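Scroll down for the structure; my scribbles are underneath it.
The values are calculated or read from the model by the stated rules, or taken from the named source; none is laboratory data. The structure presented is a predicted model; accordingly, all values stated were derived computationally and were not measured. Note that each Cβ is placed from the backbone with ideal geometry, even for glycine, and that neighbours are counted across all protein chains shown.
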Amino acid sequence: MAVYNAIPVKVLDGASILCGADKFREFIQAMVEKNFYHYDGKPMDNEIMIPGTNVKLIAVNGLNGTGKMVAGQLDKNFFYGCDLMNDEEKFEFWYSQDNREFRLAIEFNAGVQVAFPNEVVLGATA
């Protein structure tokens, strides 16, 4: 909830909080233990609307075990990029006579970036 409370108001509409699957399970178990009546017990696909808010909590395996959380507008502020337009990437496709199969090798750099850092909240649990 501290991460939710730290999200800037101007990006609150459409914001999501990303956490590890381990923290997501802890959150769900805390809801069950507190006997919140808005929890319907249906299976979840690693995401849930945080009760009383319009923010979604999403479990991502890349944050497992780190205790870190990231909040912001995923569709407007987080971007994926790669370097497939220069001389450092490799894209090879060939037929292997030895194995009697087609093979494909692709090598490139990839990463993520945030457009507006002041609209992102980083959180961590102790």
Practice item. Give the residue, chosen from 105, 21, 30, that is more than 20 Å from the chain's Cα centre (by Cα), farther than 25 Å from residue 118 by Cα and surrounded by 10 or more Cβ atoms within 10 Å (Cβ to Cβ). Key: 30
Study note, to complete from the structure: Among (1) surrounded by 12 or more Cβ atoms within 10 Å (Cβ to Cβ); (2) farther than 14 Å from residue 1 by Cα; (3) out of contact with any Lys or Arg (no Cβ under 9 Å at 6 or more places or on another chain); (4) polar (S, T, N, Q), residue 64 falls short only on (3)
Study note, to complete from the structure: Per the list (1) in a helix (DSSP H, G or I); (2) loosely packed, with under 14 Cβ neighbours inside 10 Å, residue check on residue 54 breaks on (1)
Check your understanding: Restricting attention to the range 16-32, which residues are outside any helix (DSSP H, G or I) and among the β-branched types (Val, Ile, Thr)?
Key -> 17
Check your understanding: Which one is modelled with the highest pLDDT, of the residues in the range 67-104 that are under 30 Å from residue 5 (Cβ atoms) and in a loop (DSSP other than H, G, I, E, B)?
Key -> 73
